[in-house]
Amino acid sequence: MSLAEIEAYEKLFPTGTIIDGVVDGEQYFKSSPKIAWFLKEAYTDEEEGWHIKKYYGQEDAYWEFFRTAATPTWHPIIYASYGILNGFLTWEEMPYIRNKPEMCDVINKVALINANKFPSLTGTRTIWKNLAQGYQSCKDIILQQIATLQPDIHIFCGTFLLYRERFGIGNEHAVERKKGFENCGAWIKDGKLFMDVYHPAQTKQTREVYVDQIVNAVAYWKLITANNN
């Protein structure tokens, strides 16, 4: 795991793609646990590709990007990541992002990996066929990202089916659903946690339920892995 390895996989991205992975490699590698969000695809009006640092890593990221852009997607990610990395805070224990904009800085500490590195062909509404094709064409880059970043926590946001075989996740790795994360799938393999959750922009769960189930599952993972060591 090194910054040089991050630079190496970023060079693999074809022209016109959105370079994802991490905003700040140093902060990511220092974080415990290391969290990776496995998202679907980016949508953009820009014809040329760009690096996620362009929007997500600005000094005033809340005011420049997260305050208005794609809040249904980004705010749940920020809340859940912030909760995990600050002692497993629940929704009720966290302030609203608008009242504490610096919470957005947590994006510097996590990995963001899109299955399709090319801009969405269908705007904000993803078509599975397009996503699967994009994943296959970007698979080598994704495998290099995973090998380099080595996350402890893998949060698959409507993308678990793309990755399950790659990680060798079977029923024997399943975690019994507990109160607090009974509505999402969780597996533990080789000391790492794998979660199957809705895309953060979903409307089937309240934001509180969505965030808390992720925080609670990671807290449970930490408890049982600590007991096994």
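The values are calculated or read from the model by the stated rules, or taken from the named source; none is laboratory data. Please read all numbers here as calculations on a predicted model, not as lab measurements. Positions of Cβ are generated from backbone atoms using ideal geometry, with glycine treated the same way; all protein chains shown enter the neighbour counts.
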Next item on the list: Could you please find all residues in region 30-51 being under 19 Å from Ile142 (Cβ atoms) and modelled with pLDDT of 80 or more?
Entry: Lys34, Ile35, Ala36, Trp37, Phe38, Leu39, Lys40, Glu41, Ala42
Notebook entry, point to check: What number of residues within region 166-176 are surrounded by fewer than 17 Cβ atoms within 10 Å (Cβ to Cβ) and either at positive phi or not in a loop (DSSP other than H, G, I, E, B) (or both)?
Noted result: 6
Margin query: So, in region 177-209, how many residues would count as being surrounded by 14 or more Cβ atoms within 10 Å (Cβ to Cβ) and outside any helix (DSSP H, G or I)?
Written below: 21
Notebook entry, point to check: Considering region 215-227 alone, what residues qualify as being touching a Gly at 6+ places or on another chain (Cβ under 8 Å) and either surrounded by fewer than 18 Cβ atoms within 10 Å (Cβ to Cβ) or part of a strand (DSSP E or B) (or both)?
Noted result: Thr225
Next item on the list: Mind listing whichever residues of region 25-40 are over 12 Å from Leu149 (Cα atoms) and among the charged types (D, E, K, R)?
Entry: Lys40
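Any residue that is part of a loop (DSSP other than H, G, I, E, B), of a type in the set (A, V, I, L, M) and closer than 25 Å to Tyr163 by Cα - is there at least one of those in region 106-120? I'd like the intermediate steps shown before the answer.
Restricting attention to region 106-120, the residues satisfying the condition of being part of a loop (DSSP other than H, G, I, E, B) are 110, 117-120.
Filter once more, so that each one left must be of a type in the set (A, V, I, L, M): 110.
Retained after the next criterion (residues that are closer than 25 Å to Tyr163 by Cα): 110.
Yes, the conditions are met somewhere in region 106-120.
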Note to self: I'd like the full set of residues that are farther than 15 Å from Glu5 by Cα and surrounded by fewer than 20 Cβ atoms within 10 Å (Cβ to Cβ), limited to region 140-159.
What the structure shows: Asp152
Margin query: Looking at region 121-134 only, could you name the residues that are closer than 30 Å to Tyr220 by Cβ and either outside any helix (DSSP H, G or I) or at pLDDT 95 or above (or both)?
Written below: Thr126
Check: When Asp212 is evaluated against the numbered criteria (1) touching a Gly at 6+ places or on another chain (Cβ under 8 Å); (2) in a helix (DSSP H, G or I); (3) farther than 15 Å from Pro76 by Cβ, which criterion, by number, is the only one it fails?
Finding: (3)
Check: Within the set of pairs 6 or more residues apart or between chains, which connect a residue that is farther than 17 Å from Tyr135 by Cβ and in contact (Cβ under 8 Å) with a residue 60 or more places away in the chain inside region 1-29 to a residue that is loosely packed, with under 15 Cβ neighbours inside 10 Å and of a type in the set (S, T, N, Q) with Cβ atoms less than 7 Å apart?
Finding: Met1/Gln150
